[in-house]
Amino acid sequence: MRTAVLACAGCISVLGSMQAANEPNVPEVRYPRVDIALDTMEARVKAQRETIQQFKVFYDFQFTDKLKESGITFVHHAVPDATYNYMRVHYDHGTGVAVADVDGDGLYDIYFVNQVGGNELWKNLGNGKFKNITDEAGVGLRDRISVGASFADVNNTGRPDLFVTTVDQGNVLFRNDGNGHFTDVTEHSGLSPAAHSSGAVFFDYDRDGLLDLLVCNVGVYTTEEKGPAGEYVGLPDAFLGHLHPERFEGPRLYKNLGNYRFEDVTAEVGLDPKIWGGDADVVDLNRDGWPDIYFLNMQGANHYFENEGGKKFVDRTSTYFPKTPWGAMGIKFFDYDNDGLMDLYVSDMHSDMMAVDVPPEREKEKLVTQPPPERILGGPASNYIFGDAFYHNLGGGKFEEISDKIGVETYWPWGVSVGDVNADGWDDIFVTGGMNFPFRYGINSMLLNNRGTKFLDSEFLLGIEPRRVPYTKWFVMNCSESLRPSERKICEGYNTRIMVMAPKASRSSVIFDLDNDGALDIVTNDFNSEPQVLLSNLAQRKKIHWLKVLLVGSKSNREGLGAVVRVTAGGQTYTKYNDGKSGYLSQSALPLYFGLGEATKIDRVEVQWPSGQMQTVHENLKDNHVLVIGEP
């Protein structure tokens, strides 16, 4: 099977007789043959170890990939346009992973989103073990190319429902019937319109106690022709789609009418950003009680919309964020310096694709020195940040961009997950990264929060990198056929069929306490490969103190999405906004996790509910405990 020659600038055409990676007994050939990232890995490990004198926070613990021990056998399978029929098209953006307690047993289950072969739901059995319950749950969607997943209690039943986005095949709403079984209620819901959908975020924009739904749509990047895996074949100029107004699809906001019915109110509330939008996050930036929206744009300026009383949204981007990343991919609002104000981290993948032959020692730099012309960018280059952005909230509607100052620039980043992985009271950042075939190996980044002064690279210190097996099977190629120059490079030294091995890379991740030992673990969804189940031994390395807060709304939505929770302990107040955002293309139904550092006594917990009600809890506060707070 042969790919077409791609029309977009900088695309790589890989031609030849290829097939999926399922043929045994052929020699495995790594591509690229020379991988500077792997060849310099030992030096990178050494260099990171030499930074430990900068650490004011605990780092002497490890994550270990326990995939085999977990019993999870899920493998992500990418569409042909991203593997043996390689094209530069948005399929390589991958899929999400979401977590919720789907059956009410107190253990948190994992939903892996797939492109080919169906999604999978894995039940948490405890002690780090899982069981595949996809068939009995009824959430496989084997006939669709899925993208993102969000768990949320849509009808305030006390059970997390599930929404899944797809590539132009119609999105799906599953009602949780209890005991881990789901029913497809999409046709009844009004959420069936098809688009090139991506991330989806549940939030209560009008504060009526019912969760509404925001669906991000990338834009048209496929043809109407079906490929061998049931996918729509990609457009040859997919990455120039933002230059074609007719290809814009735009986000959709659906108001929850109750009883699993939704109404499209996008136009009514004034949400009309002209973006190729992969994802979004919500936050109450102006602290008026109404949730606002920050939209990512993977090819152009991002947009921030302020919520005016649940009636309409107004674009206030220029007021708060006059310059945004050009190629944004991942997003998370959180309070990095414990001043009670929500800061914003945005990862930028596409800007890094403008720089070529970047050595590992320059991955912490913003690399674009000669950006594309204004026609491609959609405006002057001076309007954009070409790399990750971190907006420090100064209060009073003022932000400063400090990504380089605090060390959060990463290379080839996709998703952002935030959690206090060393339980010291300062939230840390995990960034999935890497580009797979035909690029070199790219690392996942763990950025430890050095008490609000800087984020320190620690993926090598904590055992997250390097991976034990950094390459994965990609496709079989027949090197005995007539080859073009690009193919000869792959087949050099072979005239038989070979298994091309490509670098592994993660797309989405979620941070949660998988084994209930009080320390946060990490699960990834890797592109065209098996996931990682990274268990932390923090709780075995030292005595830790933490609190998990589980909200139960009454007048507010039952999950308390949109609530602000403040925990005061040891002379410090920790603040979290309950947005459910757990990682790239995903939203999870998890308790809020507060690391308490050395504090053993909790003074109080305050909740500002979406309804506007303030609640303070003084009784029954103890560390290392799940605190369930019901709205009065």
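Tell me, what HN-Hα J-couplings in whole Hz come from the Karplus equation 6.51 cos²θ - 1.76 cosθ + 1.60 at θ = phi - 60° for each residue of the range 475-492, using x for Gly and Pro?
Residue by residue, the range 475-492 yields 6, 9, 10, 8, 7, 8, 8, 5, 10, 8, x, 5, 6, 4, 4, 6, 8, 3 Hz.
Tell me which residues come under 5 Å, amide H to amide H, from Glu23 once H is placed; ignore anything under 5 positions away on its chain.
none
Packing-wise, with mean Cβ within 10 Å as the measure, how do 427-434, 562-569 rank, highest first?
Per-residue mean Cβ counts within 10 Å order the peptides as 427-434, 562-569.
Please compute the length gained on full extension between Lys454 and Tyr494, using 0.36 nm multiplied by the number of residues separating them and subtracting their Cα-Cα distance.
Here the answer is 9.5 nm.
Order 212-218, 259-265, 163-169 from most to least packed using the mean count of other Cβ atoms within 10 Å.
For the peptides 212-218, 259-265, 163-169, the packing ranking is 212-218, 163-169, 259-265.
So which of Lys68/Lys473; Lys46/Lys364; Lys56/Lys332; Lys68/Lys581; Lys68/Lys543 end up more than 20 Å apart, counting from Cα to Cα?
Lys56/Lys332; Lys68/Lys581; Lys68/Lys543
With N denoting the number of residues in the range 401-554, provide Rg(C-alpha) divided by 2.2 N^0.38 Å, to two decimal places.
Dividing the Cα Rg of the range 401-554 by 2.2 N^0.38 Å gives 1.33.
Would you mind classifying the range 301-424 by shape? Square roots of the alpha carbon gyration tensor eigenvalues, ordered a ≥ b ≥ c; an a/c under 1.5 is rounded, otherwise it is prolate if a/b is larger than b/c and oblate if not.
It is oblate, given that a/c is not under 1.5 and a/b is not larger than b/c.
Return, ordered by residue number, the residues of the range 508-552 whose backbone nitrogen is under 18 Å from a label point located 7 Å along Cα→Cβ of His625.
517-519, 544-552
Using only alpha carbon positions, build the gyration tensor of the range 151-193, then give the equivalent ellipsoid semi-axes as the square roots of 5 times its eigenvalues, largest first, whole angstrom.
Equivalent ellipsoid semi-axes, largest first: 19, 10, 9 Å.
Read through the labelled values (1) -0.31, -0.96, -1.22; (2) -0.20, -0.85, -1.55; (3) -0.26, -1.07, -1.58 and report the label of the one computed as log10 I(q)/I(0) by the Debye sum over Cα atoms at q = 0.05, 0.10, 0.13 Å⁻¹ from the structure.
Checked against the structure: label (2).
So what's the projected area for the range 515-581, the Cα convex hull averaged over all directions, in nm²?
Its Cα hull, projected and averaged over all orientations, spans 6.9 nm².
If you take all C-alpha pairs in the range 357-473, what percent of them are over 19 Å apart?
Counting every Cα pair in the range 357-473, those more than 19 Å apart make up 55 percent.
Quick one: what are the phi-derived ³J(HN,Hα) couplings along the range 336-347, Karplus 6.51/-1.76/1.60 with θ = phi - 60°, whole Hz, x for glycine and proline?
Result, ordered by residue: 7, 10, 6, 9, x, 10, 7, 9, 9, 10, 10, 8 Hz.
For the chain, what is the accessible area per residue in Å², given a 1.4 Å probe and the full set of protein chains?
35 Å²
Normalised by the residues of the chain, what does the relative contact order come to in percent, with Cα pairs under 8 Å and at least six apart?
Relative contact order here is 17 percent.
Sorting check: for 197-208, 277-288, 131-142, which peptide has the highest mean count of neighbouring beta carbons within 10 Å, and how do the rest follow?
197-208, 277-288, 131-142
Using θ = phi - 60° and the Karplus curve 6.51 cos²θ - 1.76 cosθ + 1.60, what whole-Hz ³J(HN,Hα) does each residue of the range 566-575 get, with Gly and Pro shown as x?
Along the range 566-575, the couplings run 10, 10, 10, 7, x, x, 10, 10, 10, 10 Hz.
Tell me, how many Å apart are the Cα centres for the range 359-430 and for the range 580-598?
Their Cα centres are 21 Å away from one another.
Please compute the modelled spin-label separation between Ile402 and Asn25, points set 7 Å along Cα→Cβ, answer in nm with one decimal.
Result: 6.2 nm between the two label points.
Rg to Rh ratio, the range 477-563, alpha-carbon atoms and Kirkwood radius?
In the range 477-563, Rg relative to Rh is 1.32.
In straight Cα distance, which aspartates and glutamates are under 12 Å from Lys312, not counting same-chain residues fewer than 8 positions off?
Of all the aspartates and glutamates, those that pass the test against Lys312 - Cα under 12 Å, at least 8 places apart if same chain - are Asp206, Glu268, Asp272, Asp292.
Expressed as a rounded percentage, what relative contact order does the range 26-162 have, with Cα pairs under 8 Å and six or more residues apart?
Computed over the range 26-162, the figure is 18 percent.
Taking all protein chains as present, what is the carbon and sulfur share of the accessible area of the chain, in % to the nearest whole number, probe 1.4 Å?
That share works out to 48 percent.
Using 5 Å bins from zero, what percent of all Cα-Cα pairs in the range 540-632 falls into each bin?
Spelled out per bin, shortest first, that is 3, 14, 25, 23, 18, 11, 5, 1, 0.
Amide H to amide H, which residues 5 or more places from Thr223 or on other chains are under 5 Å from it, using H placed in the peptide plane?
For Thr223, the qualifying residues are Val233, Gly234, Leu235.
Between the range 135-205 and the range 281-317, how far is it from one alpha carbon centroid to the other, in angstrom?
When both Cα centres are located, 24 Å separates them.
Could you work out how much longer the chain between Asp143 and Leu240 gets when fully extended? Use 0.36 nm per residue separation minus the Cα distance between them, nm to one decimal.
Full extension of this stretch gives 32.1 nm more.
The values are calculated or read from the model by the stated rules, or taken from the named source; none is laboratory data. Given the structure is predicted, the values throughout are model-derived calculations rather than measurements. Neighbour counts are summed over all protein chains in view; Cβ atoms, including those assigned to glycine, are modelled from backbone coordinates with ideal geometry. Only protein heavy atoms, including side chains, enter the accessible area calculation; ligands, DNA and RNA are left aside. Shrake-Rupley method; radii C 1.70, N 1.55, O 1.52, S 1.80 Å.
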